[in-house]
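Heads up, the thing below is written out as structure tokens.
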Amino acid sequence: MELSSQFECWRKLKDPNNSWGLTWFLAAEFCRRFYSSHGLVPWVIAHEGLGYYGIGINSVPCSVHGTASETLGRFTMGGNVENWQTGGPGDHGLKLIDECQRGTPTVELIRKAIAHFELPAIPAKSHIVCRHKRWGSSYVLVFEIAAYLALQFEAGELSIWNHPDNIKRKLEDRDYTAKMKEHPGAFLFVRNDRDLLVSGDGRFLDDSRDNLWQLYMHGQSVSELAKLIIGRLDA
């Protein structure tokens, strides 16, 4: 509910044509529904020369999908939706930026975005033995915290990366479990030339022993955890 409330505040204050807030909010809603059960993950796209270029929807390498990852579509930089199974890159098939500006209710924006990918409610094969299925809740939490921050800070104020290609080197340097099978991935937060790497299971990969998942399970809120990240970056 905290993320939804923050999104409503964002809608009152920001122009979706000049913000990444809609993209992050919709990607978080997608992640909540499809990461654990279907093994589908939103990864931030880094375009050479441009930087942030939206958020792609990808299959998680796992025992069901295999080692290769397939991109099913993306949320554009501002929040339009592309289904690459029925359309293609750049088609902006579902123009939710315009709908957001027109005041379409948030529940309808979510429904249309999810429906545009035409995914089954139940995956064709069970992911019961996959790590993302068993431990997915922590990754979804970290993604929600990242989305909460994206609704507060624009891309010029805060960078957030979670695609394996963009975090691999730092992950291998900082996480002793980096080479484990089906590693939960990580989120790299960058602000004012400082960075913080957080594992998909919630661990801060720095000298502290902070863990977002443990703090959340002990009662801290998404907003409090978001403040913790910003506080570390601004220290």
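A few comments on the model shown:
- Annotation note: Cβ proximity below 7 Å between a residue of the stretch 56-76 that is more than 12 Å from residue 41 (Cα to Cα) and in contact (Cβ under 8 Å) with a residue 24 or more places away in the chain and a residue that is among the hydroxyl-bearing types (Ser, Thr, Tyr) and assigned to a strand (DSSP E or B) (sequence gap 6+ or interchain) occurs for 65/59.
- Scanning the stretch 168-194 for residues that are part of a loop (DSSP other than H, G, I, E, B) and not hydroxyl-bearing (Ser, Thr, Tyr) yields 175, 178, 179, 180, 181, 182, 183, 184, 185, 192, 193.
- Being more than 23 Å from residue 2 (Cβ to Cβ), touching a residue at least 12 places away in the same chain (Cβ under 8 Å) and surrounded by fewer than 16 Cβ atoms within 10 Å (Cβ to Cβ) is a description that applies to residue 165.
- Filter result for residue 105 (over 21 Å from residue 140 (Cα atoms), modelled with pLDDT of 95 or more, surrounded by fewer than 21 Cβ atoms within 10 Å (Cβ to Cβ) and not aromatic (Phe, Trp, Tyr)): yes
- Residues located in the stretch 118-151, provided they are within 17 Å of the chain's Cα centre (by Cα), in a loop (DSSP other than H, G, I, E, B) and among the aliphatic types (A, V, I, L, M): 151
- Qualifying position, being crowded, with 20+ Cβ neighbours inside 10 Å, in a strand (DSSP E or B), of a type outside the set (Gly, Ala, Ser) and modelled with pLDDT of 95 or more, among 225, 197: 197
- Candidates 147, 121 - the one that is among the small types (Gly, Ala, Ser) and surrounded by 12 or more Cβ atoms within 10 Å (Cβ to Cβ): 147
- Residue check for residue 115: out of contact with any Ser or Thr (no Cβ under 8 Å at 6 or more places or on another chain), farther than 22 Å from residue 188 by Cα and in a loop (DSSP other than H, G, I, E, B): no
- Look at the stretch 107-121: where a residue is touching a residue at least 24 places away in the same chain (Cβ under 8 Å) and a partner is among the hydrophobic types (A, V, I, L, M, F, W, C), sitting 6+ places away or on another chain with Cβ atoms under 6 Å, you get 109/96; 113/26; 113/81; 116/81; 116/94.
- The set of residues in the stretch 139-159 being among the acidic types (Asp, Glu) and more than 25 Å from residue 37 (Cα to Cα) consists of 154, 157.
- Close pairs (9 angstrom Cβ cut-off, 6 or more residues apart or separate chains): closer than 26 Å to residue 134 by Cβ in the stretch 18-41, at pLDDT 95 or above and of a type in the set (Asp, Glu) anywhere: 28/144; 31/144; 32/144
- The helices (runs of 4 or more DSSP H) located wholly in the stretch 1-107 that include 1 or more residues which are polar (S, T, N, Q), more than 28 Å from residue 179 (Cβ to Cβ) and under 16 Å from the mean Cα position of the chain (by Cα) occupy 2-13, 21-38.
- Residue in the stretch 55-70 that is buried (at least 24 other Cβ atoms within 10 Å of the Cβ), within 20 Å of residue 190 (Cβ to Cβ) and at pLDDT 95 or above present: yes
The values are calculated or read from the model by the stated rules, or taken from the named source; none is laboratory data. Keep in mind that what you see is a predicted model, and the values were worked out from it rather than measured. FYI the Cβ positions are ideal-geometry reconstructions off the backbone, even for glycines, and counts take in every protein chain you see.
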